[in-house]
Amino acid sequence: MGEDGAGCSDDYDPADPKVDPRERRRIRYEYRELIAETQKNRHDFIKPESTGLHNALDKAEELFSEVRLTREAVLDSHFLVLASNLGSQQAQQLQTHLVTFDPDTFVQKLITFMGGRNITDASREDDEDEEMPSRRRNPPPPLRLDWKKLGRKASVAFRRTPNLDFMFGPLSMEPPVIRRPVRDNNIKKGKPDPTQLVKPKQLEKVEVQGEATTKEVDRLHQVLYDNTVSGEEVTPVCLFNFIVNPHSFGQTIENLFHLSFLVRDGRAEISLDNGLPFVSYEETPGEDEQTVKQQVVVHLTLKEYQEIVKTFNITESMIPPRPKVNHGNSAGPSNRGNENDEEEEEDDN
């Protein structure tokens, strides 16, 4: 505050004759008194006709002219925040007393301007009509309002070139034709009777896939027997050499998938020899026999598949490849060929 060059500084020099500690205490005391007084009378200060806030600002202006250091300037800023809030509240309560728009008066003046009669003249004529019954039998014709006169008067505010607009849609609109639904006789057209039970097609599809998977598992069991059993001796074969098809990553995954069923049912066994997995043939266990199962997750990616084919020099598949079928009719996971996917299967050993 202040425009007389007064200011404040953080450099306090006790030897400076311009800085008197007692004078500073007095300034702080008066600032606190001014803030407390303003807080006390804030309800009176926000009234539109009150000049108390202006007087308080004048007092603060005088005190700020004596401020030299930051401590007193902080009190001045506190007062300014309080005064600005009170000033905002006082401004909200001010009433401008401007002329408001009266629709009734506006309509009355419009009628008079366009050659009609105002409400005062109409009420006077109605009083005269009550005194002269003969005039009520032959009332005067209604006055026509001169709207063109009003248009010429208002055209001054609308002098501009009209815009060009595009018309969308046809010129002639025909009402839409409402088509009523026709009920068909489903029985006559060969459609199934809604009262008859129909087996869901999806279940039929699932059953077909299940039968195909069972056939593939049995076929894999026979191939395992042919490659591991010689007389009464069972010779395990390397798991990679057995399931990997070097020409199809997808069929390799399906071989692993079908092998997991054999291991789960106890018809095959996977063991480790020097860190390499080997698979051997097992007879189908009877109903009374129990097998110890251990769940193992096998993770095989396309890159790992390619490394296995190269490392073990696999050129032909022990398991004869299956003919490719459509995706919707495939048994097992899917016949996808060489795809950049990752597969995870579960084996029970």
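Numbers below:
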{"quantity": "Qualifying residue in the stretch 8-19 (condition: touching an Asp or Glu at 6+ places or on another chain (Cβ under 8 Å) and modelled with pLDDT of 90 or more)", "calculated": "no"}
{"quantity": "Pair list, Cβ under 9 Å, 6 or more apart: the stretch 256-283 residue within 21 Å of residue 301 (Cα to Cα) and in contact (Cβ under 8 Å) with a residue 40 or more places away in the chain, other residue in a loop (DSSP other than H, G, I, E, B) and among the charged types (D, E, K, R)", "calculated": "261/267"}
{"quantity": "Search result, residues across the stretch 31-80 that are acidic (Asp, Glu), closer than 29 Å to residue 19 by Cβ and either without any contact (Cβ under 8 Å) to a residue 12 or more places away in the chain or in a helix (DSSP H, G or I) (or both)", "calculated": "33, 37, 58, 61, 62, 72, 76"}
{"quantity": "Unique residue being surrounded by 14 or more Cβ atoms within 10 Å (Cβ to Cβ) and among the hydroxyl-bearing types (Ser, Thr, Tyr) when the list is 230, 271, 248", "calculated": "248"}
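Matching residues to (1) in contact with a Pro (Cβ under 7 Å, 6 or more places away or on another chain); (2) modelled with pLDDT of 85 or more; (3) exposed (fewer than 14 other Cβ atoms within 10 Å of the Cβ):
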| position | (1), (2), (3) |
| --- | --- |
| 35 | no, yes, no |
| 42 | no, yes, no |
| 54 | no, yes, yes |
| 116 | no, no, no |
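The values are calculated or read from the model by the stated rules, or taken from the named source; none is laboratory data. Just so it is clear, the model here is predicted, and its values are computed rather than measured. Note: ideal-geometry Cβ built from the backbone for every residue, glycine included; neighbour counts use all protein chains shown.
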